[in-house]
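Here the structure comes first, spelled out in structure tokens, and everything after it is commentary.
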């Protein structure tokens, strides 16, 4: 694995009114590496992802992609995939169109038949049968919607993938299946991945590196193998799910 | 001293409300300008535009048709009763026609479409916002302003004049049915009176109003949806805002357009 940073954040800050969510985030993710960001609810993990994507503009700091500030967001997004927490599938479109949505846009868009074929192939990759392609998202279970979201995220074989709480709301078995799929896909594609989660089983299954956010800053950043011996009371409390410790349970 | 403090507090409160209102108008103006600019620049989504034309135009026909049919009938009865006070019952066909074409057709269709389509647009886009579908569009290299907003506003601006044109015909038909079946007007004379009295400018002014009302309905629907709060309550509030704001703006702009098109 290279040690070339694909994504670098320097002193990123974001406030919503008097709520300072990010207070200077310094973080980097190497090319082809999988970073998992952990932290309590409301610590700004999703805001961090949206700042990288440009959906939210940071108040201060720099976000570098391949060592340079992002000038062409369209170009970056064309090699990007994301699995959203709730799937974020388009209700009005059948599953195949959701999966192949990006590939049905623009001048080089795929024909309907090719898009359906590609969607079925991607659905198979995430363990779904071809007939699912012709159903609508509302007809699927939560776990199936997550898989469709995953199929959509990988449809254009992106070089950067974000996973926002990929196992939230799933039973432990389905969560394990999704974790394995994510790991396989990231390795197969050689993609750079950032995952945000509360789920420690996801952390151990997906991560190469882990960063913990607390109070708007990176509290700890290291290899996943070192997390149990981090020596940080905040990290220990979080990964062991203890009510007592330096992290206040009432926030 | 207490009175001065109270007075200052009242002034500050008025100032805050004024500033908040101006800020909201500013945000709406920026949103509208952005929507118009996205309508004019590629990529375009003709399939989305067609789908919206069908949804906004074709599926609003029954509600607009029924509204104008009954209004045309009621208008004929009212004008007949009012005209009878000074022996002017014969003006029923011409006043029904001009009333429908210039005012009631576009305004009633606008209000009905605001209720039906404005609410639906706000709820759909609001739900897409709270379920992160709009963020998903962005990550899939698709500009939500182009894909969601521009086709809806363009479709409503095109569909409303067509709806109003059909609504006008149905409204006049309502007046005709009441006039001939209930008020004993001669059918041929009723039609002749209607056709002779109406001018192209009357019809055109109603269609201009309709296009503006269509723009307003879709603009308020998309704007409210895009700025929807979280959860079911946020989407519900966005829907209410869309309908109320569109209805008020339709009535206000109707007055302004009437001043502009028919100066006293």
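Going by the conditions given, is residue A:69 touching a residue at least 12 places away in the same chain (Cβ under 8 Å) and either assigned by TED's automatic domain parsing to the domain that holds residue A:183 or over 19 Å from the mean Cα position of the chain (by Cα) (or both)?
No: the conditions fail for residue A:69.
Take the residues in the range A:103-113 that are more than 21 Å from residue A:80 (Cα to Cα) and assigned to a helix (DSSP H, G or I); name whichever of them is nearest to the other protein chains (Cβ to nearest Cβ).
My answer is A:112.
Could you identify the single residue in A:210, A:218, A:235, A:224 that is modelled with pLDDT of 90 or more, under 16 Å from the mean Cα position of the chain (by Cα) and surrounded by 16 or more Cβ atoms within 10 Å (Cβ to Cβ)?
Of the residues listed, the single one that is modelled with pLDDT of 90 or more, under 16 Å from the mean Cα position of the chain (by Cα) and surrounded by 16 or more Cβ atoms within 10 Å (Cβ to Cβ) is A:210.
Please work out if residue B:154 is buried (at least 19 other Cβ atoms within 10 Å of the Cβ), under 27 Å from the mean Cα position of the chain (by Cα) and more than 14 Å from chain A (Cβ to nearest Cβ).
yes
Is it the case that the range A:185-197 has a residue that's over 21 Å from residue A:46 (Cα atoms) and in contact with a helix residue (DSSP H, G or I) (Cβ under 8 Å, 6 or more places away or on another chain)?
Looking for residues that are over 21 Å from residue A:46 (Cα atoms) and in contact with a helix residue (DSSP H, G or I) (Cβ under 8 Å, 6 or more places away or on another chain), one finds at least one in the range A:185-197, hence yes.
Kindly check whether there is at least one residue in the range A:39-49 that is more than 10 Å from chain B (Cβ to nearest Cβ) and touching a helix residue (DSSP H, G or I) at 6+ places or on another chain (Cβ under 6 Å).
Looking for residues that are more than 10 Å from chain B (Cβ to nearest Cβ) and touching a helix residue (DSSP H, G or I) at 6+ places or on another chain (Cβ under 6 Å), one finds at least one in the range A:39-49, hence yes.
Quick one: would you say residue B:57 is modelled with pLDDT under 95 and under 20 Å from the mean Cα position of the chain (by Cα)?
yes
Which residue, of B:175, B:167, B:234, B:225, is in the same structural domain as residue B:114 (by TED's automatic domain parsing), under 29 Å from residue B:123 (Cα atoms), touching a residue at least 24 places away in the same chain (Cβ under 8 Å) and over 18 Å from the mean Cα position of the chain (by Cα)?
The match here is B:234.
Having 3 or more residues that are within 27 Å of residue B:56 (Cβ to Cβ) is the bar; report the helices (runs of 4 or more DSSP H) wholly within the range B:155-264 that clear it.
Filter on the range B:155-264 gives B:200-226, B:231-261.
Given A:146, A:122, which one is buried (at least 22 other Cβ atoms within 10 Å of the Cβ), touching a strand residue (DSSP E or B) at 6+ places or on another chain (Cβ under 9 Å), touching a residue at least 24 places away in the same chain (Cβ under 8 Å) and within 17 Å of residue A:182 (Cα to Cα)?
Being buried (at least 22 other Cβ atoms within 10 Å of the Cβ), touching a strand residue (DSSP E or B) at 6+ places or on another chain (Cβ under 9 Å), touching a residue at least 24 places away in the same chain (Cβ under 8 Å) and within 17 Å of residue A:182 (Cα to Cα) holds for just one of A:146, A:122, which is A:146.
Could you please let me know if residue A:149 is over 16 Å from residue A:48 (Cβ atoms) and assigned to a strand (DSSP E or B)?
The answer is no for residue A:149.
I need a count of the residues in the range A:86-102 that are in a loop (DSSP other than H, G, I, E, B) and more than 7 Å from chain B (Cβ to nearest Cβ).
7
The values are calculated or read from the model by the stated rules, or taken from the named source; none is laboratory data. A quick note: this is a predicted structure, and the numbers were derived from the prediction, not measured. Cβ atoms come from the backbone with ideal geometry, glycine included; neighbour counts cover every protein chain shown.
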